[in-house]
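Reading through the structure tokens given below for one structure.
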Amino acid sequence: MTSRRQFLTAGVAASVLRASRARAATTRNSFPYPEFEARIARRDFRNITKDVLPTPCMVVDLDLFEKNVKHMAGHAKATGINVRPHVKIHKSVDVAKRQIAQGAIGLTCATIAEAELMSGAGIKHVLWTKQPASTNNITRAVALSKKDPTFMFVVDDPQVVDWVEEAAAASNTRLRIAVSVFAGMNRQGIANGQPALDLARKVAASKRMDFEGYMAYSGGAAHTKPWAARRKKSSDDLAGVRETVELTRKAGLPVNIVSGGSTGTYNIDKDNGLTELEAGSYVFMDTNYFAIGGKDDDAIYNDFQGALTILTTVDSKQHPNEVTIDYGNKALNRPTDKVKGMPWIQVFNQGAEYGGLKWTEAGRDLKLGERVEIYCTTLDMSTNAYDRYYVTRGDQIVDVWPIMGRGGAAQR
Ligand SMILES: Cc1ncc(COP(=O)(O)O)c(C=O)c1O
């Protein structure tokens, strides 16, 4: 028989156990970390919430991401322009497939490695916007064209047309080619007018190539602010392209596509003669883009929402009005990054693995161990430094998308 004393002791022990279990459930280390990678691999996301993620890491807000993709798709449908989104900003097959599901006609890639990745994942109509000039790139562009006849790439020089034609002849491959024309940026693009037409004719007259049209990226317009100046800059940059297209059609050559544009000019470039938009950043957004202002608001560009953040942890707190976070140079910390929901905080750098947050307003504070989400400055660069996106609804991880198209030695 249980004595009153034993009963009370057992009761106390049980309540101590209950309390310690409750504490354990709320302590930082309650997640079974040795299982973390195995759970990710088998997509078992139970109890994987933002607070258990290793930091710094990239987090996608799925609701906002979906909203952004739908907004661009809706714009394309309403205005009759196609979207061939640029993948360099996300480098992810999972993101690309969601863009295609929402009506994108294909993808735009910056490197042959990105094009191989996306085409290899079964996505059609990939456009590579840098001409191949090395044997490596020519061979790979021709091989990809053979494997995937919907693949298209650009040239801006008659010499490259000869090199590519020779490689295509050796493997009996048909190629889809767009001529890259100057659109305000010196990095590529043959001069508009007669030189562009001559190159288009050379492509069209070649044995193995089909001339598809023109690629004209007016990158200088993308971040011009405010919107009215952006519209003017884009129109000016594309004026020569419009003339080239007219000249080409007059010469009897069909121009199927005029590809270009950006997140900044998505609601501008239909009027400037583009048939398709290569916009990329709109899916996630970065602080460079928040600052450019929109059509109706010069101060903030909010057509698309910040769907990607870098989750960081406050690792040290020894000085007033500043803390140290685990987000440094290796994770692409920039002083122009912004803290989500806390616009009064300034991001700063403290070395390879250390960053910092500072503020001047009294009454603001961050706690040791607190998680802070940061918007990066340039998606292109930042997404190259991480190997996966943790995809969230609220605090819960619902998916993980690998970042596969990163520029590494084997991919160049
Ligand atoms: C060739 C090309 N097209 C389009 C874009 C537009 O991308 P975003 O919408 O991210 O500015 C870029 C960005 O660098 C680009 O290099």
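What the table below lists for this structure:
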read-out	value
Those helices (runs of 4 or more DSSP H) lying entirely in the range 88-150 with at least 3 residues more than 16 Å from the ligand (Cβ to nearest atom), closer than 18 Å to residue 179 by Cβ and not aromatic (Phe, Trp, Tyr)	135-147
Of residues in the range 259-280 being more than 13 Å from the ligand (Cβ to nearest atom) and in contact (Cβ under 8 Å) with a residue 60 or more places away in the chain, the one farthest from residue 181 (Cα to Cα)	270
Qualifying residue in the range 372-379 (condition: more than 16 Å from the ligand (Cβ to nearest atom), at negative phi and among the polar types (S, T, N, Q))	no
The range 281-293, residues that are within 14 Å of the ligand (Cβ to nearest atom) and either more than 12 Å from the chain's Cα centre (by Cα) or surrounded by fewer than 24 Cβ atoms within 10 Å (Cβ to Cβ) (or both)	287, 288, 289, 290, 291, 292
Test: residue in the range 312-325 that is within 13 Å of the ligand (Cβ to nearest atom) and modelled with pLDDT of 95 or more	no
Residue 70 open to solvent by less than 60 Å² (accessible area, probe 1.4 Å), charged (D, E, K, R) and either touching a residue at least 12 places away in the same chain (Cβ under 8 Å) or within 14 Å of the ligand (Cβ to nearest atom) (or both)	no
Residue that is in a loop (DSSP other than H, G, I, E, B) and either within 16 Å of the ligand (Cβ to nearest atom) or open to solvent by 20 Å² or more (accessible area, probe 1.4 Å) (or both), where the choices are 185, 215	185
Any hit, the range 47-56, residues being surrounded by fewer than 16 Cβ atoms within 10 Å (Cβ to Cβ), touching a residue at least 60 places away in the same chain (Cβ under 8 Å) and in a helix (DSSP H, G or I)	yes
Residue satisfying all of: in the range 312-335; surrounded by 15 or more Cβ atoms within 10 Å (Cβ to Cβ) and in contact with a helix residue (DSSP H, G or I) (Cβ under 9 Å, 6 or more places away or on another chain); farthest from residue 384 (Cα to Cα) among these	312
In the range 244-273, the residues that are charged (D, E, K, R), in contact with a strand residue (DSSP E or B) (Cβ under 9 Å, 6 or more places away or on another chain) and open to solvent by 10 Å² or more (accessible area, probe 1.4 Å)	270
Residue count, the range 294-309 (criterion: touching a Cys at 6+ places or on another chain (Cβ under 9 Å) and away from the ligand (no atom under 14 Å from the Cβ))	1
Pick from the range 226-253, criterion in contact (Cβ under 8 Å) with a residue 24 or more places away in the chain and farther than 18 Å from residue 183 by Cα, ranking: nearest to the ligand (Cβ to nearest atom)	227
Residue match in the range 363-385 (condition: hydroxyl-bearing (Ser, Thr, Tyr) and part of a strand (DSSP E or B))	yes
Selection within the range 223-241 - surrounded by 24 or more Cβ atoms within 10 Å (Cβ to Cβ) and touching an Asp or Glu at 6+ places or on another chain (Cβ under 9 Å)	234, 238
Selection within the range 378-404 - of a type in the set (S, T, N, Q) and open to solvent by less than 10 Å² (accessible area, probe 1.4 Å)	382, 383, 392
Output for the range 67-82, where each listed residue is in contact with a helix residue (DSSP H, G or I) (Cβ under 8 Å, 6 or more places away or on another chain) and of a type outside the set (A, V, I, L, M, F, W, C)	68, 71, 82
Residue list for the range 135-152, restricted to those being open to solvent by less than 50 Å² (accessible area, probe 1.4 Å) and without any contact (Cβ under 8 Å) to a residue 40 or more places away in the chain	137, 138, 140, 141, 142, 144, 145, 148, 151
Among (1) of a type outside the set (A, V, I, L, M); (2) open to solvent by 50 Å² or more (accessible area, probe 1.4 Å); (3) farther than 20 Å from residue 306 by Cβ; (4) touching a strand residue (DSSP E or B) at 6+ places or on another chain (Cβ under 9 Å) - the single one residue 369 does not satisfy	(2)
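The values are calculated or read from the model by the stated rules, or taken from the named source; none is laboratory data. Nothing here was measured: the structure is a model prediction, and the numbers come from that model. Virtual Cβ from ideal backbone geometry, glycine too; neighbours counted across all protein chains shown. The area values use the complete protein model at the heavy-atom level, side chains included, leaving out ligands, DNA and RNA. Shrake-Rupley method; radii C 1.70, N 1.55, O 1.52, S 1.80 Å.
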